[in-house]
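Contents: one structure, followed by commentary.
The values are calculated or read from the model by the stated rules, or taken from the named source; none is laboratory data. Quick caveat: nothing in here was measured; it's all calculated off a predicted structure. Neighbour counts are summed over all protein chains in view; Cβ atoms, including those assigned to glycine, are modelled from backbone coordinates with ideal geometry. Surface accessibility is based on the protein's heavy atoms, side chains included, excluding ligands, DNA and RNA. Shrake-Rupley method; radii C 1.70, N 1.55, O 1.52, S 1.80 Å.
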Amino acid sequence: VKSMLFGKVAPQKARELVSAGARLVDVRTPGEHAARHIEGSVNVPLSELGGRLRELGDKAKPVVVYCASGVRSASAARALKSAGFTQVFDLGSIGRWPG
C-alpha cells in the first residue's frame, strides 16, 4: 500500500506512526511553534536541524516532520535522509494533521 502523495505521508498514516512511537518534529521557528503546534511535537527549526540531529535519537526510528506550508518540511526530510535517518515521513503543512 502506497501512502505517499506528492512525496508527503498521508495524514492518517502520520498520526498512526506518531501513536506507535515515531518522533514528531516541527521544523518551523520557535515563534510559530509557540503560537500553534501539534501536541507532542519537538521544535527543531530547519535552520538548526543540522546541529541538533543527535536530539532526534536513533536513526532507525521513524521521524515525522512538518512545517507551515510543506516547503521546510520537505527540506528537513531530505536533510534527515542524507544524515542517515532511514524512516523519514514528511507530513507537510501542520494543517494536514488529522484533528
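Odds and ends about this structure:
- The one condition in (1) touching a Ser or Thr at 6+ places or on another chain (Cβ under 6 Å); (2) within 19 Å of Ser19 (Cβ to Cβ) that Ser69 fails to fulfil: (2)
- Of all residues making up region 32-54, the number that are of a type in the set (S, T, N, Q), open to solvent by less than 50 Å² (accessible area, probe 1.4 Å) and not in a loop (DSSP other than H, G, I, E, B): 1
- Condition met for Asp26 (in contact with a Pro (Cβ under 9 Å, 6 or more places away or on another chain) and open to solvent by less than 70 Å² (accessible area, probe 1.4 Å)): yes
- Residues satisfying the stated conditions in region 57-68, i.e. over 14 Å from Leu46 (Cβ atoms), in contact (Cβ under 8 Å) with a residue 12 or more places away in the chain and surrounded by fewer than 23 Cβ atoms within 10 Å (Cβ to Cβ): Gly57, Lys59, Ala60, Lys61, Pro62
- Search result, residues across region 69-99 that are open to solvent by 50 Å² or more (accessible area, probe 1.4 Å) and assigned to a helix (DSSP H, G or I): Val71, Arg72, Arg78, Lys81, Ser82, Gly95, Arg96
- Of all residues in region 19-40, those being over 21 Å from Pro62 (Cβ atoms) and within 14 Å of the chain's Cα centre (by Cα) number 1.
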